[in-house]
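Below: one structure, written as C-alpha cells.
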Amino acid sequence: MKIVSFLKGEEERYGIYYEDKIYDLISLGRKFYKKLPADIISFLNEKERSLGNAEFISEKISSGEADPENKQEIKLISPIPHPVSCRDGYAFRQHVATARRNRGVEMISEFDEFPVFYFTNHKAVFGEGDILVEEDHLQKLDFELEAAVVIGKQGKNIPAEKADEYIAGYMIMNDFSARVLQMEEMKLNLGPAKGKDFATSLGPWLVTPDELEKYIVPSDTGKKYDLRMTAVHNGRQVSDGNMKDMNWSFAEIIERASYGVELFPGEVIGSGTVGTGCYLELNGTWTIEAKQQGREFTPVWLNDGDVIELEISGLGILKNRIVKTKNDYSILNKKKKTRDASYKS
C-alpha cells in the first residue's frame, strides 16, 4: 500500500495512492463503515486496527468500488506532515569515504563501529513542490539523496533483529543543506544546525514494507533492499546509487536510536546520503578529475528556480523546485561580534 497525505482546500487529509489516483481514506472509511482516525499520526498509533481497515478499503479501491479524489482540487504534501521527530543517519560508507577523501582527510574508523545520526527540524518538513529558501541558504545550496523510514510502533531498547517490525513504511528524503552555513557552524564542533534546519522534503508517498518484499537482498542484520537511487538536476542525471549499499541497515540505526529512549509512531529516520548523492561529494570528485585532466571546473550547486528530482525504485519520484524568498536579510553578511574571551568576575 502507498499512503499519501494531501491538502483538500485548507484541510489535511490522508489516503491511498493507487494507479495514479488518490483515494481519501477517511471519507471512504465512512462509506464502507470502517472508522479511521482523523490524521496520519493517529493512524500510526492505532496501526493494527487502522491498517486492517485501510487494507479493506484498498481492496474496494482495486475492485473499482471506490471513487478517487479530483486531482485538480488537492495538493500532495509530505506523507507524514508533522513528524514526531526527524533523525538523519550516516549509513553509506561510500559517501562518507569519498567526501573525506575529497577533503584530503582519512576515513574515520569509528564509522564502522556504530551507526550515528543527528536530529533535524521536524517542523520544517515539506512534500513535493516549491521549497522556499533565504539568501544565505543559496550560498552553496545542496540536495541529499536519501531513503527514510517511519516508526510505526512504540518501543525502547529495540534489538536490531526485531527492529524491522517497528517500521511502518519507506519513502524518499531530500535533506536540503546550506553548505556555507553548515561549514561555518561546524567549526565549533556542533551542528549541523542552521545549515540543515530550514527544509527537509519527504515523499511522494509512504510505501508499506510488504510492497518491497521482492527487492530484499541478503543482509547480516535487518532488511536491505535492491532499490536504485538517482537524482536529476534541471533534467540532467547527477547521482546513481542503490539502497542495498547501506553499510548500516535501518534496523541497526533503530537499535542505536532506541537505546534508553522510547521511539514513537510518526518518528522519521533518514538513511543519510547515498554515494554520489549530493554536490558536496560530487564537486570534490569532479574537481580532482578536472585537475588530473588539466582543466578548470566550476562547482555546481542548487540555485533559485532549479528543479531537483530524486527517484528510488519502488518509492516513486520526489520533485522540488527551489524558490528564493523576497527577504534579503542575511546572517552571513551581518557583522560578527567579537566576544571578550577573558574571564570577568
Within region 11-25, is there a residue that is surrounded by fewer than 17 Cβ atoms within 10 Å (Cβ to Cβ) and more than 24 Å from the chain's Cα centre (by Cα)?
no
Among (1) outside any strand (DSSP E or B); (2) within 30 Å of ARG321 (Cβ to Cβ); (3) in contact with a helix residue (DSSP H, G or I) (Cβ under 7 Å, 6 or more places away or on another chain) - the single one GLU69 does not satisfy:
(3)
Among the strands (runs of 3 or more DSSP E) contained in region 236-339, which hold 2 or more residues that are over 18 Å from the mean Cα position of the chain (by Cα)?
236-242, 316-324
Going residue by residue through region 207-224, is there one that turns out to be at pLDDT 95 or above, in contact with a His (Cβ under 9 Å, 6 or more places away or on another chain) and in a loop (DSSP other than H, G, I, E, B)?
no
Could you tell me whether VAL125 is in contact with a helix residue (DSSP H, G or I) (Cβ under 9 Å, 6 or more places away or on another chain), closer than 18 Å to VAL268 by Cβ, of a type in the set (A, V, I, L, M, F, W, C) and in contact (Cβ under 8 Å) with a residue 60 or more places away in the chain?
no
PRO192 versus (1) in contact with a Gly (Cβ under 6 Å, 6 or more places away or on another chain); (2) closer than 21 Å to ARG103 by Cα; (3) surrounded by fewer than 22 Cβ atoms within 10 Å (Cβ to Cβ): which is the lone unmet condition?
(1)
From (1) within 30 Å of SER271 (Cβ to Cβ); (2) loosely packed, with under 15 Cβ neighbours inside 10 Å; (3) among the charged types (D, E, K, R), pick out the condition that doesn't hold for ARG93.
(2)
So for region 283-299 (the condition being under 24 Å from LYS47 (Cβ atoms) and surrounded by fewer than 23 Cβ atoms within 10 Å (Cβ to Cβ)), does at least one residue qualify?
no
Which residue out of LYS156, LYS223 is surrounded by fewer than 24 Cβ atoms within 10 Å (Cβ to Cβ) and over 22 Å from ILE80 (Cα atoms)?
LYS223
For region 30-41, enumerate the residues that are surrounded by 15 or more Cβ atoms within 10 Å (Cβ to Cβ) and within 25 Å of GLU267 (Cβ to Cβ).
LEU36, PRO37, ASP39, ILE40, ILE41
Among the candidates ASN174, ASN189, residue that is without any contact (Cβ under 8 Å) to a residue 24 or more places away in the chain and either within 17 Å of ALA251 (Cβ to Cβ) or not aliphatic (A, V, I, L, M) (or both)
ASN189
Among the numbered criteria (1) in contact with a His (Cβ under 7 Å, 6 or more places away or on another chain); (2) farther than 30 Å from SER330 by Cβ, which one does CYS86 miss?
(2)
Determine whether region 137-152 contains at least one residue that is touching a strand residue (DSSP E or B) at 6+ places or on another chain (Cβ under 7 Å), in a strand (DSSP E or B), surrounded by fewer than 16 Cβ atoms within 10 Å (Cβ to Cβ) and touching a residue at least 24 places away in the same chain (Cβ under 8 Å).
no
Counted residues, region 75-113 - those being touching a residue at least 24 places away in the same chain (Cβ under 8 Å), more than 24 Å from ALA193 (Cβ to Cβ) and not in a helix (DSSP H, G or I)
4
By residue number, the members of region 43-66 that are charged (D, E, K, R) and either surrounded by 14 or more Cβ atoms within 10 Å (Cβ to Cβ) or part of a strand (DSSP E or B) (or both) are GLU46, LYS47, GLU55, LYS60
Out of everything in region 229-276 that is without any contact (Cβ under 8 Å) to a residue 40 or more places away in the chain and under 13 Å from ALA147 (Cβ atoms), what residue ends up being surrounded by the fewest Cβ atoms within 10 Å (Cβ to Cβ)?
LYS244
Can you confirm whether region 7-19 contains a residue that is part of a helix (DSSP H, G or I) and not aliphatic (A, V, I, L, M)?
no
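The values are calculated or read from the model by the stated rules, or taken from the named source; none is laboratory data. Owing to the predicted nature of the structure, the values given are computational and were not obtained by experimental measurement. With ideal geometry, Cβ positions are generated from the backbone for all residues, glycine too; neighbour counts draw on all protein chains shown.
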